[in-house]
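Undergrad: Handing you a structure now.
The values are calculated or read from the model by the stated rules, or taken from the named source; none is laboratory data. The shown structure was predicted, so the numbers you read here are calculated from the model rather than taken from an experiment. Using ideal geometry, Cβ is built from the backbone for each residue, glycine included, and neighbour counts are taken over all protein chains shown.
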């Protein structure tokens, strides 16, 4: 388990990291917590010529209440997200997802920005940031730009980040739906990545669902918002029948991952089960 | 005896282990050392059309690249098979060659084709990537049953139908007759799937040839360093034994996979001589998946026959067992003498016939893995028994109690002669099951299950009552069955002048806690403290020729050798004491660390006698100085631990996930030296067996690729998969060894797998599910509920 040799640069600031990225071009990779990138390097599936380590940049580690949204620095570890009372109150789905990533060691090193930049289809966070309607902040030489979560995940391992951009912040709206959100996960027993990870944020009025956002991780090539489920339950009274009917729409019409362990049929069925459980939990 | 035996003395070795300060093979380094990386086949079956090492050799820091051709040119054979099992018709077992590296053809993913040696491990790894091998890919066969069919791709050209031997045991005619007259027949077909051992420490070797002394040294990860020295020296590399020292320092687990002498380690030692520098190699986790011998891989059709009263009257199995691509050291005895001989189980079944066809396939070699043959046998018997009981509407516990062999202690009542060659030493099978039923509160449990079912929850209860043969093994018996080694063990006890003691053990711990258990029995025997005893093991230069640790044998066999040496020390000590006390040795009794003249207060202590033995100024006539004895112990019989396991599961109706709610064990390992260590072994064993039932299993595609060859995909059991195990014991001493001990290292693994599967099938009874293939993944359980 020895990676190919590589150069290592430690950036002291985002600006310095961007300069290094520009200097080293295509052969460079940003290293944050390293818990996705380093294993693939050890297997020689990834062979970057240069690693630019942003893991030590303290200006990227924060969780701040900005009123309309929570600002979470890209370098914030899963443990910080998991244990933040702010996140637990304003976006419980995010802290629940963080708490179910890997093990304690991974959560102490791995970062939210790293996961989102890596865009592993098996990761937990992507479906959650979709359901929470998050905004991704990317910084490049031309300055900062915002990317809606809905536009961010573009495919397997693919994101809307530019070649010379660094993901710096995730913004989670502090709306009432996000305060009533959850993340339920059916883990692959070995890797504990989600076979199915279902995040739901829901607004209720009376016994009805007034608005809802449903995001899935692990089900398809990239995380997605499931408007089929959303449309079926939005405006409906929340009961076993409406929830069953809505969750039956899970991943409908979408291409779903399939492997020797989990067939497409089973994964679809589990997406429905977890959507049902999540909707029921928030009702 | 003192008061240490039977106490949960804390493990003395844990002082270093829990601090991360154990010394493992990879922790050792030598001056001028080089580093090796093997180039391995990415294909399961391919002709090698050419190997180009020029780019690798050109890389700065590369010392040498060897290929399979170099091995062929050197005329080196490779590791050997240590047990000959011939065909039914008398034809000799097929033994295809297994070169250290192959020159012409690869036969499994991971087969070694070249060895790169460099100044650093990183350079070696980079250079390995530059070795260009031109493969012509061929069709592969991975399923044991398919491998034996006409037209299957051949693993070795000289092994027709890929069949290494066929073999049978028991009485075919009587078994046929039993099935003719059966009132009820239960049939199952099952696959004891291929398991990857995954010891936490990967295999490693550090080889050195000292030209001044004309002597080799090999540090390696071995459960049996003397066996390694014998095989490497006498068979693979033709090194005289006195010119080869094998050192196996701390070993980080093995589960059997470090019994075997692998070609990789032999190659390292050979290469060290060729280049005149030490060579170090440590497998990475990927290599562990692709080269450590796997376990199980038996495909079996099995039946039992019952009479009207529900008594078992016959049992028949037909197994296709894969040995993988090559014959590892003990591969041939696992499906036969460690499997067929266990088919009696705990029952009075009067007619048994076992038929085994052993084949080679294009997969990683298969050999002993925790339990080795006995889990496969127990799985079949216990699944059949439970299924049969349900089919005839009898409670599975009651069915077992009705069919158990009655209690026998092996002293007043003779041992139990089975239909399949073994003679059980002592047993009280109903005692273990009844205790387990009581501990589980079975009557209440059944009510709880029915109540849960009524509420729509899928609760299931499963049993397993197992026996195993361990304490391997009487040399004459195994020799008559084809073993090419003796299976005694050896131990020396050196009493130092101040009365401190060193035990030199032929057994070698890879996690079992020998330093504690052996110290307890010796300290107790001499009436001294734990701190007065230490254990040396793992170095062929200092320990006597013992056969190592596997088959739950260390205490029963090596412990007995230790006790023989203890007796010799005591005997000689008594003569020295008698001289000091001016009496006859017969007048003395030994207790609490002193020899005392019976009926008096005249005594002399163990330390005094030790000092006298080494400062023999006033000393018995014709007595040699010193207090230092070696003993060999060849067991009179196997030992036969047994037990009863009860598993309670809840199946998630919607997802098929299985949750183990309770796990109750009553194991009988004879007398117990350290209850905490026994408990720990049961915990680990049960977890391992549940792993086979629910999580583990090597998955190959048709081309022979291992699809789950990493920890991301291959699911090992973890602590959060389990409830707290509820363990207990009964004690039925072994009648034929000095400590009355049996063995416990494998018992949990052997007992647990069928208990879990039986419980899941019980939980699914409303769905009419009679059988499922392991591992019982959520998907397979869910699919069974859909159909």
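Undergrad: Check off (1) in a helix (DSSP H, G or I); (2) under 23 Å from residue B:369 (Cα atoms); (3) within 14 Å of another protein chain (Cβ to nearest Cβ) for residue B:754 and give me the number that stays unchecked.
TA: The single condition residue B:754 does not satisfy is (3).
Undergrad: Okay, moving on. Could you check, for segment B:702-710, whether at least one of its residues is away from every other protein chain (no Cβ under 14 Å) and crowded, with 21+ Cβ neighbours inside 10 Å?
TA: So far as segment B:702-710 goes, yes, one or more of its residues are away from every other protein chain (no Cβ under 14 Å) and crowded, with 21+ Cβ neighbours inside 10 Å.
Undergrad: Another question, if that's okay. I need the full set of residues from segment A:149-188 which are away from chain B (no Cβ under 14 Å), touching a strand residue (DSSP E or B) at 6+ places or on another chain (Cβ under 7 Å) and over 14 Å from residue A:134 (Cβ atoms), in order please.
TA: Those that are away from chain B (no Cβ under 14 Å), touching a strand residue (DSSP E or B) at 6+ places or on another chain (Cβ under 7 Å) and over 14 Å from residue A:134 (Cβ atoms): A:161, A:162, A:164, A:165, A:166, A:176, A:180, A:182.
Undergrad: Could you go through segment A:55-73 and let me know if any residue there is touching a strand residue (DSSP E or B) at 6+ places or on another chain (Cβ under 7 Å), surrounded by 15 or more Cβ atoms within 10 Å (Cβ to Cβ), under 25 Å from residue A:108 (Cβ atoms) and modelled with pLDDT under 95.
TA: yes
Undergrad: Among the numbered criteria (1) under 30 Å from residue B:196 (Cβ atoms); (2) surrounded by 24 or more Cβ atoms within 10 Å (Cβ to Cβ), which single criterion is violated by residue B:679?
TA: With respect to (1) under 30 Å from residue B:196 (Cβ atoms); (2) surrounded by 24 or more Cβ atoms within 10 Å (Cβ to Cβ), residue B:679 is out only on (2).
Undergrad: Quick one: which residue in B:484, B:449 is farther than 27 Å from residue B:15 by Cα and at pLDDT 95 or above?
TA: Every option except B:449 fails the conditions.
Undergrad: Oh, and also: For segment B:149-159, does any single residue satisfy the condition of being in contact with a strand residue (DSSP E or B) (Cβ under 8 Å, 6 or more places away or on another chain) and closer than 24 Å to residue B:366 by Cβ?
TA: No: segment B:149-159 contains no residue that is in contact with a strand residue (DSSP E or B) (Cβ under 8 Å, 6 or more places away or on another chain) and closer than 24 Å to residue B:366 by Cβ.
Each row is one residue, and each column tells you yes or no for (1) free of Cβ contacts under 8 Å to residues at least 12 places away in the same chain; (2) not in a strand (DSSP E or B).
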| position | (1), (2) |
| --- | --- |
| B:385 | no, yes |
| B:390 | no, yes |
| B:397 | no, yes |
| B:430 | no, yes |
| B:436 | no, yes |
| B:446 | no, yes |
| B:451 | yes, yes |
| B:464 | no, no |
| B:478 | no, yes |
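Undergrad: Restricting attention to helices (runs of 4 or more DSSP H) lying wholly within segment A:1-96, give those where 3 or more residues are more than 14 Å from chain B (Cβ to nearest Cβ) and free of Cβ contacts under 8 Å to residues at least 12 places away in the same chain.
TA: Those helices (runs of 4 or more DSSP H) span A:14-24.
Undergrad: Of B:109, B:116, B:102, which residue is within 14 Å of chain A (Cβ to nearest Cβ) and at pLDDT 95 or above?
TA: B:116
Undergrad: Considering only residues that are touching a residue at least 12 places away in the same chain (Cβ under 8 Å) and within 14 Å of chain A (Cβ to nearest Cβ), look in segment B:720-748 and name the one that is nearest to residue B:465 (Cα to Cα).
TA: Here the answer is B:722.
Undergrad: Condition check: within 30 Å of residue B:335 (Cβ to Cβ) and assigned to a loop (DSSP other than H, G, I, E, B). Does residue B:78 satisfy that?
TA: Yes; evaluated as a whole, the condition is true for this residue.
Undergrad: Right, something else. Could you please let me know if residue B:714 is over 16 Å from residue B:386 (Cβ atoms), more than 23 Å from the chain's Cα centre (by Cα) and assigned by TED's automatic domain parsing to the domain that holds residue B:682?
TA: no
Undergrad: Identify all residues within segment B:711-756 that are surrounded by 24 or more Cβ atoms within 10 Å (Cβ to Cβ) and out of contact with any strand residue (DSSP E or B) (no Cβ under 6 Å at 6 or more places or on another chain); write none if there are none.
TA: B:737, B:744, B:745, B:746, B:748, B:749, B:753
Undergrad: Within segment B:91-136, track down each residue that is part of a strand (DSSP E or B) and surrounded by 15 or more Cβ atoms within 10 Å (Cβ to Cβ).
TA: Correct list: B:105, B:106, B:112, B:113, B:114, B:115, B:116, B:117, B:118, B:133, B:135.
Undergrad: Would you check which residues across segment B:646-664 are within 14 Å of another protein chain (Cβ to nearest Cβ), under 31 Å from the mean Cα position of the chain (by Cα) and either surrounded by fewer than 19 Cβ atoms within 10 Å (Cβ to Cβ) or outside any strand (DSSP E or B) (or both) and list them?
TA: B:657, B:659
Undergrad: Going through segment B:120-150 one residue at a time, which ones are within 14 Å of another protein chain (Cβ to nearest Cβ) and more than 13 Å from residue B:53 (Cα to Cα)?
TA: B:120, B:121, B:122, B:123, B:125, B:142
Undergrad: Inside segment B:81-90, can you point out the residues that are free of Cβ contacts under 8 Å to residues at least 12 places away in the same chain and either assigned to a helix (DSSP H, G or I) or in contact with a strand residue (DSSP E or B) (Cβ under 8 Å, 6 or more places away or on another chain) (or both)?
TA: none
Undergrad: Here's another thing I want to ask about it. Answer yes if at least one residue in segment B:613-629 is at pLDDT 95 or above and in a helix (DSSP H, G or I), and no otherwise.
TA: yes
Undergrad: Still on this structure, I have one more. Mind telling me which of the residues B:698, B:669, B:644 ends up being within 30 Å of residue B:153 (Cα to Cα), touching a residue at least 24 places away in the same chain (Cβ under 8 Å) and touching a strand residue (DSSP E or B) at 6+ places or on another chain (Cβ under 8 Å)?
TA: Checking each option against the conditions leaves just B:698.
Undergrad: If you go through segment B:259-282 one residue at a time, how many are within 14 Å of chain A (Cβ to nearest Cβ) and either surrounded by fewer than 24 Cβ atoms within 10 Å (Cβ to Cβ) or in a helix (DSSP H, G or I) (or both)?
TA: 1
Undergrad: Of all residues in segment B:591-622, count the ones that are within 20 Å of residue B:564 (Cβ to Cβ) and in contact (Cβ under 8 Å) with a residue 24 or more places away in the chain.
TA: 4
Undergrad: Please verify whether residue B:679 is within 14 Å of another protein chain (Cβ to nearest Cβ), touching a residue at least 40 places away in the same chain (Cβ under 8 Å) and not in a strand (DSSP E or B), treating the condition exactly as stated.
TA: no
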